[in-house]
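S.K.: I'd like to ask you about the structure that follows.
Read-outs: derived from the displayed coordinates by stated rules, not from any lab. From a predicted model like this one, the values you see are computed outputs, not experimental measurements. Cβ atoms come from the backbone with ideal geometry, glycine included; neighbour counts cover every protein chain shown.
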Amino acid sequence: MASEKFIVSARKYRPATFRSVVGQSMITNTLQNAIRRQQLAHAYLFCGPRGVGKTTCARIFAKTINCTNLTPEGEACGECPSCRAFAEQRSYNVQELDAASNNSVDDIRDLTERVRIPPQIGRYIVYIIDEVHMLSAAAFNAFLKTLEEPPEYAIFVLATTEKHKILPTILSRCQIFDFKRIRVDDTIDYLEYIAKEEGVSYTRDALNLIALKADGGMRDALSTFDQVVSFSGGELTYKGVVEGLNLLDIDYYFRITDTVEVGDYREALKVFDEVIARGFDIPQFVAGLNSHVRNLLVAQDPRTVDMLELGESLSQRYLVGAQNVKPPTLIRALQLITDAEATLNRSPNQRLHVEIMLISLCAPEELGEKKND
């Protein structure tokens, strides 16, 4: 008996309704309101980091405005012929163009010719142009007239990760929606839902690491989830994720800051030697240490705790760890690490460069410096 074909999580669990989109409620609510009130613009610009739902929302929008039996909440019914055509990827009411590989004037002229053909079924044709910032200047100019005065059945949704590269004349013709990075806790919750659906055992700490590595991108989080599940054999643990992704455990950073507070530079050098022995990149270690010290600093004050963005379990660890280090120590450490990071790539001996930084952090008097009280 043939085994079932594997489908990556990013495709298998791609949202099909506005309600199921994670972390973009302001945008999905606005689009639903516009659909319910029949106040549709002729052009939209979806911009934001990669993997946060821009193209997904564009497809849901196209499906919803062509649905013949909308729900009271402004969602597609999922049952009408138009919705079924979208679900089976055979709808002619959505056309997608990848501007990264179709960015010439001829490509845009071909698109504008197609825009003249009205839909045979449904009310609208939605043209989704992904990575629109990749269009050439000539292609942008050829697109202007059509974008400004399209047929009443044509709606354009432009998607980009680099809004600053879009011509002002294009921006002025679009409703602009800025997609944000997805919060760590929202990503963890969604990964937890998928893990349960897939029968994968997990710990919240393990999902927390995956969410942090994704840096606000759900697509990256799902790809990493698939990778670690394959590595671990379907059991996600904190240690397994650290090993599977070859991450530097934050225990190393906590050990470093412990040595800073007590002034034990020899122990700090020993910890750094362990990091090097495990094959980790030196600039990556320094950048991680800088973020670690920053997290400890913001964890010391209730007014800045919300800036941690680490997820519940890791945030709790920083809240506890922050009580063991004095604020002046952390502020000085931030300054020294930032200075070292800025000059690290120019150093002929990066290891020695970081070792001097660690000595200065722990025992500045050894280098002839005056330590802050």
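S.K.: Here are labelled values, (i) 0.94; (ii) 1.07; (iii) 0.96, and one is the computed Rg/Rh (Cα atoms, Kirkwood Rh) for what I pasted. Which one?
M.R.: Of the labelled values, this structure produces (ii).
S.K.: To test your reading of the geometry: what angle, between 0 and 90 degrees and rounded to tens, separates the Cα axis of helix 327-344 from the longest principal axis of the chain?
M.R.: The answer is roughly 70 degrees.
S.K.: Along the charge dipole of region 143-227, pointing to its positive end and built from +1/-1 on Cβ of Lys, Arg, Asp and Glu, which listed residue (Val200, Leu167, Ala154) has its Cα farthest out?
M.R.: So the residue furthest toward the plus end is Leu167.
S.K.: A further question follows. Pairs Lys5/Lys165; Lys5/Lys163; Lys54/Lys196; Lys180/Lys270; Lys54/Lys239; Lys63/Lys180: which exceed 31 Å Cα-Cα?
M.R.: Long pairs (Cα-Cα over 31 Å): Lys5/Lys165; Lys5/Lys163; Lys180/Lys270; Lys54/Lys239.
S.K.: Pulled fully out, how much extra length does the chain show between Glu309 and Gln175, if you take 0.36 nm times their separation in residues and subtract their Cα-Cα distance?
M.R.: Numbers: separation 134, 0.36 × 134 = 48.24 nm, distance 2.96 nm.
So the chain would gain 45.3 nm between Glu309 and Gln175.
S.K.: With both bridge residues required to lie in region 84-219, what share of the DSSP beta bridges run antiparallel, to the nearest 5%? Write out the running numbers ahead of the final one.
M.R.: Values: 0 of 10 bridges.
In region 84-219, approximately 0 percent of DSSP beta bridges are antiparallel ones.
S.K.: Measure out, as a whole number of angstrom, how far apart the alpha-carbon centroids of region 132-185 and region 273-289 sit.
M.R.: Value for the Cα centre distance between the two parts: 41 Å.
S.K.: Continuing with the same structure: Which of the peptides 79-89, 47-57 is most tightly packed, and how do the rest follow, going by the mean number of other Cβ atoms within 10 Å of each residue?
M.R.: 47-57, 79-89
S.K.: While we're here: Okay, which of region 166-180 sit inside 15 Å, backbone N to the point 7 Å along the Cα-Cβ direction of Glu148?
M.R.: Counting only backbone N, you get 167-174.
S.K.: From the C-alpha gyration tensor of region 224-283, pull out the three semi-axes of the equivalent ellipsoid (sqrt of 5λ each), sorted largest to smallest, in whole Å.
M.R.: 29, 12, 8
S.K.: Oh, and also: Compute the angle between helix 250-262 and the longest alpha-carbon principal axis of the chain, please, reported from 0 to 90 degrees and rounded to the nearest 10.
M.R.: That helix lies at roughly 40 degrees to the long axis.
S.K.: Run the quick spin-label model on Glu192 and Arg11: label points 7 Å from Cα toward the beta carbon, then report their separation in nm to one decimal.
M.R.: 2.9
S.K.: Can you tell me the 0 to 90 degree angle between the C-alpha axis of helix 265-277 and the longest principal axis of the chain, rounded to 10?
M.R.: Long axis of 265-277 versus the principal axis of the chain: about 50 degrees.
S.K.: Note down the relative contact order for the chain as a percent, whole number, built from C-alpha pairs under 8 angstrom at least six residues apart.
M.R.: 15
S.K.: Can you give me the distance in nm between label points at Glu73 and Asp106, each placed 7 Å from the Cα along the Cα-to-Cβ direction?
M.R.: Distance between the two pseudo-spin positions: 4.7 nm.
S.K.: Given the rule -39500 (n - 2.57) for each run of at least 4 DSSP H residues, summed and divided by the residues of the chain, what is its mean residue ellipticity at 222 nm, to the nearest 500 deg cm²/dmol?
M.R.: Computed mean residue ellipticity for the chain: -16000 deg cm²/dmol.
S.K.: Give me a comma-separated list of calculated 3J(HN,Hα) values for region 59-66, in order, Karplus coefficients 6.51, -1.76, 1.60 applied at θ = phi - 60°, integers in Hz, x for any Gly or Pro.
M.R.: Taking θ as phi minus 60°, the curve returns 5, 4, 4, 4, 5, 5, 6, 9 Hz for region 59-66.
S.K.: I'd like the distance between the alpha-carbon centres of region 304-342 and region 64-127, rounded to an integer number of Å.
M.R.: If we compute the Cα centre of each part, the gap is 48 Å.
S.K.: Separate question: Check Gln95: other-chain or 5+ apart residues with amide H under 5 Å from its amide H, H built from backbone geometry?
M.R.: Val126, Tyr127, Ile128
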